[in-house]
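A.B. asks: The structure under discussion is supplied below as structure tokens; questions concerning it will follow.
Only the coordinates and a few stated rules stand behind these numbers; no lab work does. The shown structure was predicted, so the numbers you read here are calculated from the model rather than taken from an experiment. Cβ: placed from backbone, ideal geometry, glycine included. Neighbour counts: every protein chain shown.
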Amino acid sequence: MSEPLLRAVGVRKNFGSAEVLRGIDLEVHKGQVVCLLGPSGAGKSTFLRCVNHLETIDAGQIWVDGEPIGFRLRDGKLYELKEREVARQRRDIGMVFQRFNLFAHRTALENVVEGPVRVLGTAPETAREEALELLDRVGLAHRADAYPAQLSGGQQQRVAIARSLAMRPKLMLFDEPTSALDPELVGEVLAVMNTLAAEGMTMLVVTHEMGFAAEAADEVVFLADGAVVETGPPGEVLSAPKHERTRQFLARVL
Ligand code: ADP
Ligand code: MG
């Protein structure tokens, strides 16, 4: 198989005396969807935050597209990146959170245009055209001029996805993107994520939506107490889990 787009090796993270990640090994290959499952407090969000430079790790290494996160590899040695270089690495990674975090005083279109213009230096007119295309892809071209407060939670989350995509990420991280939504709005967001997956986007998705994991995931990783308990295709991990811990978790969420 190809070199993984995301590779984590022995990742450890402590908060004070709490060992929150206890040596995580995880790979996501290009074009793959990996679903990260596990009980609350397992360390799922912390892991995503480490990938996206929102936390620094205490041991191990994370590589994205062959580059160590936060470091530059030269002559076999790792050098810590300067802030500007960290920003460049972060641009390659899109992240969608449980809460949509849209700019409240900007329209849907302005929310999507902002990053490319400000960060990538895209010409405003080009950014606008691309943003309209992206809003169309998430089914919201007709709401381009609406403010977040005028949109449903599902629509806001779809704008948030479009806003992430506008930065042309190599990798998309999703942290329980549907958990804050009313049940009837979950489907429209999962549909957009399914489309992205089908188009070949590389995705690491923390979710409790087992239907999505079963359908869209190439691999499922079950995390508990900061460690990977088991990993494999959804047909195995979800239908015939090997570990008692996984069985207990699935019995509660399914
Ligand atoms: P999950 O997303 O799987 O529910 P988290 O990664 O949010 O789990 O949290 C894992 C553990 O790390 C929890 O016990 C949580 O309280 C702790 N934790 C997360 N962030 C911090 C922080 N900034 N400071 C201290 N403890 C934290
Ligand atoms: Mg979490």
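A.B. asks: Between the DSSP loop rule and a limit of at most 13 other Cβ atoms within 10 Å, which trypsin sites (Lys or Arg not before Pro) in segment 179-254 are left?
C.D. replies: K242
A.B. asks: Restricting attention to segment 161-254, which GluC sites (Glu not before Pro) occupy a DSSP loop and are surrounded by at most 11 other Cβ atoms within 10 Å?
C.D. replies: Here the sparse-neighbourhood loop sites are E199.
A.B. asks: Once the other residues with Cβ under 15 Å from the Cβ of T178 are scored (Lys, Arg +1; Asp, Glu -1), what is the net sum?
C.D. replies: Here the count lands on -4.
A.B. asks: Assuming R0 = 25 Å, what is the FRET efficiency of D182 and R252, from their Cβ-Cβ distance, to the nearest 0.05?
C.D. replies: Here the calculated transfer efficiency is 0.70.
A.B. asks: Place a point 7 Å from the Cα of S40 along the Cα-to-Cβ direction; which residues of segment 197-226 have their backbone N under 18 Å from it?
C.D. replies: 206-210, 223-226
A.B. asks: For an R0 of 30 angstrom, estimate the FRET efficiency from the Cβ-Cβ distance between R168 and A214 and round to the nearest 0.05.
C.D. replies: Efficiency for this residue pair is about 0.55.
A.B. asks: Using helices alone, I'd like the mean residue ellipticity at 222 nm for the chain: each DSSP H run of four-plus residues gives -39500 (n - 2.57), total over residue count, nearest 500.
C.D. replies: Value at 222 nm, helices only: -10000 deg cm²/dmol.
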